[in-house]
Structures are given as structure tokens and as C-alpha cells.
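The values are calculated or read from the model by the stated rules, or taken from the named source; none is laboratory data. Source: prediction; values computed, not measured. Glycine also receives a Cβ, built like all others from the backbone with ideal geometry; neighbour counts cover every protein chain displayed. In case anyone asks, the SASA skips ligands and DNA or RNA and just uses the protein heavy atoms, side chains included. Shrake-Rupley method; radii C 1.70, N 1.55, O 1.52, S 1.80 Å.
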Amino acid sequence: MSLRSIFKVIHRSNFGSLHLRVPVSRICVKSPATLTHHRSSSSEGISRYPVPNKKNLPFDIVELMEEVEQKGGFLPNVFKVLSHRPAEFRAFFSYYNALMNKESGGLSKADRELIVVATSAHNHCLYCVVSHSALHRIYSKKPMLADQVAVNYKAAELTARERAMLDFARTVCRSQTITEEHFSTLETHGFDRDDIWDIAAIAAFFAMSNRLAHLTDMRPNTEFYNMGRVPRDKANPSGQQVKGD
């Protein structure tokens, strides 16, 4: 994938809708030798690795961070933590975007987020369970389902289609043998072969993400915990969600 398409990141809810394309001509990549790291109050409790000072980061990464923060009101800690390695930051968000913001196929954005919650719960990843539960609540308008899935997806109030999807995602997550029976089961619920690839790829990608979160001791932003908990019909007249619940 070319650098022109690396950063198309879409966040809804508090994030609104963000589309950022960075021209190659504007990317200034600094070598590791010139990238200095600083411990500061902003990195306390976020990661066990130093979070780089913005002034030492490549322009394209800084621009993405500032755009996300402007649209959402806060910058998710994953951006700060992964900026420790700029080249891997780009690769991570390029693949993330290809999987999670895909406009084609039979998986909705809510489906994709629910896969992340279910597999991240299996991998005991606090950051991904909290942050992607928030996104699922926003996309699905179901404030309780992600919590149920995080605790025990088999007892959650899922449709038959969602349950088949998560059964398969957890099979991939556990590195169990995939057979044609898995494909047949999913196809009876309306998934085609490309959808099945998507389910598996999301489970696989976030298995890697979960392990990086464990390595770095990545902590969720406090803002994620309340996102999407109060339905819009209970919002105040200004359109802001009621706080406190």
C-alpha cells in the first residue's frame, strides 16, 4: 500500500467522521538517531516505554494525531504508545484501516468491533476491550452487548449470526484448526468467503495488537469508559450525552 493511502482513519461517536490523507511530498521521516524520547507527565500511566515528544515525530504522524484529537476531543493512547516506533505505527494503522474501515463486504462496523471485543477478552487485553467496546456501543446503539461479550459471549444476547461469527473468531484466536465445516456453518448465516477472511484477519491482527498492549502495559483513556452508554433519546437538549451513569 502506498503512503498516500496509509492514513484514512475513521472514528465516529465523539470522533465524528475523520478522513485524513497525507500527501507523500509532505511526509518527513526522521531516522531513529534523531528521534529522542522524553518521559513526561503525558506518558505517565500510559506505557512502560517512553512516549516521544511530538516535535521529534515525523510530520505525517503528528498531523494524524492532531486531526484525531481535534475531532474526538482526546487522543487515544494507542497513537501515543505506538509512535515510539514510527515505521511500525504506519504499518499498524494502514492494516487497521484496511480491516476496520472497509466499506465493502458483509460485516458492519459494529460486527468488526464486536469481533475485537470477543477476541481481546480471550487475550485479556484491557486496552482493546475497553476502547473497542466503546466503539461498538456507538456503532450498534446497544449499550450493554459489548460488556456481555467481554465477560462471556456465550451468555450474551447475540443473534444466531453474531454468535456464529464470534464462535469462528474465537476459534481463530485460539489457533485451532480451521475446516470446511467452519466455512459451511458461516455460509448458512449469510457470510461469504471474503467475509470469513475478514473475521479471521481481524482476530489475527488484534491478537498481535493485544500482545503489544501487554508488552507496553497500554492503558485505556478514561474517556472510553462512558462513551455510548446513554442512548441518544436520553441525551440532553444540547445533544451531549448525560454524564454520571
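Go through the range 69-92 residue by residue and tally those that are at pLDDT below 95 and farther than 20 Å from Met227 by Cα.
Qualifying residue count, the range 69-92: 0.
For the range 108-136, what are the residues that are open to solvent by less than 10 Å² (accessible area, probe 1.4 Å) and either in contact with a strand residue (DSSP E or B) (Cβ under 9 Å, 6 or more places away or on another chain) or not in a helix (DSSP H, G or I) (or both)?
Cys125
Considering the range 54-82 alone, what residues qualify as being buried (at least 16 other Cβ atoms within 10 Å of the Cβ) and in a loop (DSSP other than H, G, I, E, B)?
Leu57, Pro58, Leu75, Pro76, listed by residue number.
How many residues does the range 208-233 contain that are under 20 Å from His84 (Cβ atoms) and open to solvent by less than 50 Å² (accessible area, probe 1.4 Å)?
Step one: filter the range 208-233 for residues under 20 Å from His84 (Cβ atoms), giving 208-221.
Then drop every residue that is not open to solvent by less than 50 Å² (accessible area, probe 1.4 Å), which leaves 209-210, 213, 216, 218, 220-221.
Of the residues in that region, 7 qualify.
Right, Arg48: at pLDDT below 50 and either within 18 Å of Leu215 (Cα to Cα) or in a loop (DSSP other than H, G, I, E, B) (or both) or not? Step through it out loud before you land on a result.
Numbers: at pLDDT below 50: no; either within 18 Å of Leu215 (Cα to Cα) or in a loop (DSSP other than H, G, I, E, B) (or both): yes.
Considered against the rule, which asks whether it is at pLDDT below 50 and either within 18 Å of Leu215 (Cα to Cα) or in a loop (DSSP other than H, G, I, E, B) (or both), Arg48 comes out as no.
So which helices (runs of 4 or more DSSP H) are wholly in the range 137-223 and hold at least 2 residues that are small (Gly, Ala, Ser)? Step through it out loud before you land on a result.
Details: elements: 145-152, 160-173, 180-188, 193-216.
Result: 145-152, 160-173, 193-216.
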